[in-house]
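The values are calculated or read from the model by the stated rules, or taken from the named source; none is laboratory data. Here the structure is a predicted model, which means the values were calculated and not measured. Cβ coordinates were reconstructed from backbone atoms using ideal geometry, including for glycine residues, and neighbour counts include every protein chain displayed. Note: areas computed on protein heavy atoms with side chains; ligands, DNA, RNA excluded. Shrake-Rupley method; radii C 1.70, N 1.55, O 1.52, S 1.80 Å.
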Amino acid sequence: MLPTARKLVFSEVPIVDLGPAWRDDAGRAEVADAIAAAAGTVGFFYVRNHGLAERDVRDIFQTAVDFHSLPLEAKMEVSLKLNDHAQGYLHGMTKGNDANIRENLQEAFQIRRPLADDDPDLLAGKPLHGRIPWPPAMPDLKPRMMAYYDKVNGLGYRLLDLFELSLGLAAGTLKASFAKDMNSLRLLHYPPQRPDESGEHLGARGHTDTNAFTILAQDANGGLEVRNRDGEWVAVPPVEGTLVVNVGEVLKVWTDGVFTSAVHRVINRSGNERYSIPFFMYPSFDAWIQPLIRNPDPANVAPEDLPTSFPRDRPFVYGELKARNVARIMPQKSAA
Ligand SMILES: O=C(O)CCC(=O)C(=O)O
Ligand SMILES: [Fe+2]
């Protein structure tokens, strides 16, 4: 049988209304406090009044449906196995924290921040830097994806400012690590799973995100689950008009473990095709990452023995660990 998740009472993953933050400084302070409370306990929260139009979100889901409806050969033409920077089409991807990794039941198209043709890092062949392989079979994928990318990227930077405020850091402290961000947009598709399946294959096995934070648009089908401190899998059901934000490993390190990078997974029990659109806030390759505050309660930290865990006891260059992580989960072509 597929594993089950305890049904979530909505209030268990908090909803943060970003509305006041767009009003004045008092509103920003209030929202920053709500974000800190959610990030420090659950590591996941919904945001409403996030500033993206309903229409923009609807359009990117249609874009995902249109892309994944292409014939497999057209998608394989832009397979990320054909390059060494992990952009393009993933046909069943290996990812997660299990020692014995099996394929996830998902396919995806993913891009990172586009680079100019004469970008020095691109020309130098720096790891994780390369030209996006846009599919010839879908000429409008680029404008459609980039229209959403630009908007959700803007929201990402507004949230980064709020995280910074929530930690009492000087303005620009976190942003300094994003001078040449590697922010990434992914169009995900999960086939339905039968309830009597073995549970060997899941849409996405339990993992933490190896970025600062993620902004996720999910469709009406549900299937995202987050593991709480008691080891229970709690469903994160779709809530109309919201996006889901979750803390990744980098924010956890910056906060010395005060913010929680929660293990999450996806099981599509809905009987329908499920689509989701995560946007990942990735620091610059060259950013040095280390705690920026001291945790006053050092024993109260989420598990750190996962393959995706990042160290807090020594500074590291973000891209080096990220590239190693990508190479581990996509071993067909080393991205490091
Ligand atoms: O599809 C989802 O709801 C979550 C996807 C996810 O966790 C990821 O891609 O890192
Ligand atoms: Fe994730």
Would you please give the residues with an amide H less than 5 Å from that of Phe213, counting only those at least 5 places away or on a separate chain, with H modeled from the backbone geometry?
Gly248, Met281
Mean projected area, convex hull of alpha-carbon positions in the chain, reported to one decimal in nm², is 16.4 nm²
Enter the accessible area per residue of the stretch 164-277 (Å², integer; probe 1.4 Å; all protein chains in place).
31 Å²
Largest-first ranking of Ile289, Ile132 by accessible area, probe 1.4 Å, whole protein assembly kept, is Ile132, Ile289
Burial ranking of peptide ranges 38-51, 57-70, 249-262 (average Cβ count within 10 Å, highest at the top)
249-262, 38-51, 57-70
Net charge near Ala302, counting Lys/Arg +1 and Asp/Glu -1 over other residues with Cβ under 9 Å of its Cβ?
+1
What does the net charge come to around Ala124 if you take all other residues with beta carbon closer than 14 Å to its beta carbon, with K and R at +1 and D and E at -1?
-3
Below 8 Å, C-alpha to C-alpha, sequence gap of six or more: please give me the relative contact order for the chain in percent.
23 percent
Going through the stretch 267-299, which trypsin sites (Lys or Arg not before Pro) have at most 15 other Cβ atoms within 10 Å and a DSSP loop state?
Arg294
Could you work out what % of the accessible surface of the chain is carbon and sulfur, using a 1.4 angstrom probe and leaving DNA, RNA and ligands out of the count?
53 percent
If you count, for each residue, the other Cβ atoms within 10 Å and average over each peptide, how do 201-214, 15-28 line up from highest to lowest?
201-214, 15-28
If one computes the Cα centroid of the stretch 126-197 and of the stretch 221-293, what distance in Å separates the two points?
13 Å
So how much accessible area does Leu128 have, in Å² to the nearest 10, using a 1.4 Å probe?
10 Å²
